[in-house]
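Comments concern the structure below.
The values are calculated or read from the model by the stated rules, or taken from the named source; none is laboratory data. Since this is a predicted model, take the numbers as computed values, not measurements. Positions of Cβ are backbone-derived with ideal geometry, glycine not excepted, and every protein chain shown enters the neighbour counts.
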Amino acid sequence: MPMALPVLHLIEIPQEGLSFSSDVQTDDLGLGPEDVLIPGGLAMSVNALKSGAIVYVTGTLSGTARRQCVRCLKEYDDTLRIPVVGEYHRDTDLKDRTAGRESPERSGEEVRDDDVYVYEGEEIDLGEMLREHVLLSVPMQPLCHDECRGLCPVCGQDLNVRRCECREEQVQSPFAVLKKLRETLPTQSKRTTKMK
């Protein structure tokens, strides 16, 4: 899949590191509306630091995602500020490390496999790393706000807008029958049940 992202050229990264910014569209990352909807795209700001053949990339992706609340089903805008981090190893060096030989620059340090990426040649494509960070930032249960009251399960009224006239008793949980049965048990049976 073609990427319209900036490519890091190792020869262009100075000793003190390289900082750059760019706009990124979700299409550039191979993301569709079923993954995440970010109408205005993302602003990328990253720093790259080279240590031998290893390149460390840190930065942020910022933008606004359009999400649907799982409680009230309304769409809402979610401001994004996604921290990104990646450690790029040359393909051959990574094979050496996984075979038990550490590179001198990383000796004694723990490497998180989640943040390790591979590059070949003298260029690094940031697409895979950025795509993974965007996907990991998508909430499993998106909420328009923490106090969202959702919809009434009886009439469908948005309880954030106004209360409805439905009584809570009308909404029975699957355990309501067991609760009523327990209430009809004699007092002695209830005690026995509690002791068990």
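Okay, residues lined up against (1) surrounded by 13 or more Cβ atoms within 10 Å (Cβ to Cβ); (2) at pLDDT below 90; (3) among the β-branched types (Val, Ile, Thr):
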| residue | (1), (2), (3) |
| --- | --- |
| Ile13 | yes, no, yes |
| Glu16 | no, no, no |
| Ser21 | no, no, no |
| Thr26 | yes, no, yes |
| Val36 | yes, no, yes |
| Ala43 | yes, no, no |
| Leu49 | yes, no, no |
Next on the checklist: Any residue that is over 37 Å from the mean Cα position of the chain (by Cα), exposed (fewer than 10 other Cβ atoms within 10 Å of the Cβ) and modelled with pLDDT under 95 - is there at least one of those in the stretch 140-158?
Outcome noted: no
Note on Val111: of the conditions (1) modelled with pLDDT of 90 or more; (2) in contact with a strand residue (DSSP E or B) (Cβ under 7 Å, 6 or more places away or on another chain), unmet is (1)
Log entry, pairs with first residue in the stretch 66-77 being of a type in the set (Lys, Arg), second being loosely packed, with under 14 Cβ neighbours inside 10 Å and part of a strand (DSSP E or B), beta carbons closer than 9 Å, six or more apart or on different chains, reads Arg66/Glu75; Arg66/Asp77; Arg67/Glu75; Arg67/Asp77; Lys74/Gln68
Picking from Glu165, Glu132, Glu169, Glu183, the residue that is at pLDDT below 90 and either assigned to a loop (DSSP other than H, G, I, E, B) or surrounded by 14 or more Cβ atoms within 10 Å (Cβ to Cβ) (or both) would be Glu165
- Take Gly63 and decide whether it is within 16 Å of Ser137 (Cα to Cα), out of contact with any Leu (no Cβ under 8 Å at 6 or more places or on another chain) and either exposed (fewer than 15 other Cβ atoms within 10 Å of the Cβ) or not polar (S, T, N, Q) (or both). no
